[in-house]
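Laboratory data are not the source of any read-out in this text; all were calculated from the coordinates shown. Because the structure is predicted, anything quoted here is derived from the model rather than measured. Heads up, the Cβs are rebuilt from the backbone with ideal geometry, glycines too, and the neighbour counts pull from every protein chain shown.
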Amino acid sequence: MSRDVTIMAGAFAAMGVLHFVAPKPFEAIVPKPLPRKRELVHASGVAELAVAALLARPQTSRVGGALAVALLAAVFPANVQMTVSAMQDPRKPWWFKAGTVARLPLQVPMIRIALKATRS
């Protein structure tokens, strides 16, 4: 397993745990039209933990990579919502706003790493 995939597995595991330990920030970025925000945050936390476990094992990293791509696509609207909300909040500092914008294109290398796992 490549170093990138190992790091990605760790990141998914850490974020998955955070969905349960500190759900409020995740609830805040669930797109506004979606109901039952806490349940969606918990479901995405379970998905992130499952993807992490699959990526961490060479025998299942191909499936983990494919599911990571799907999960990254599924949570992208939440990342967009975070940016929109930050831009509309005059209390958010400029550096936080810039960070939310800069985060959006980071999905591309993350998807590339996940695709790399599908070929391992």
To the nearest 20 debye, what charge dipole does the chain have about its Cα centre, counting +1 at the Cβ of each Lys and Arg and -1 at the Cβ of each Asp and Glu?
120 debye
Once the dipole of the chain is set up from charges on Cβ (+1 Lys and Arg, -1 Asp and Glu), the residue from the list Ala9, Phe96, Asn79 lying farthest towards its positive end is Phe96
Distance-filtered residues of the range 60-82 - backbone nitrogen under 17 Å, label point 7 angstrom along Val108 Cα→Cβ
73, 76, 80
The answer for trypsin sites (Lys or Arg not before Pro) in the range 58-120 that fall in a DSSP coil and have at most 13 neighbouring Cβ atoms within 10 Å is Arg91, Arg119
Phi angles of the range 11-20, converted by Karplus (6.51 cos²θ - 1.76 cosθ + 1.60, θ = phi - 60°) into ³J(HN,Hα) in whole Hz with x for Gly and Pro, give 5, 4, 5, 4, 5, x, 5, 4, 4, 9
What relative contact order, as a whole-number percentage, does the chain give when Cα pairs under 8 Å and 6 or more residues apart are counted?
33 percent
Can you give me the C-alpha center-to-center distance between the range 59-76 and the range 16-32, rounded to a whole angstrom?
19 Å
Once both labels are modelled 7 Å past Cα along the beta-carbon direction, what's the Phe96-Arg36 spacing in nm?
3.0 nm
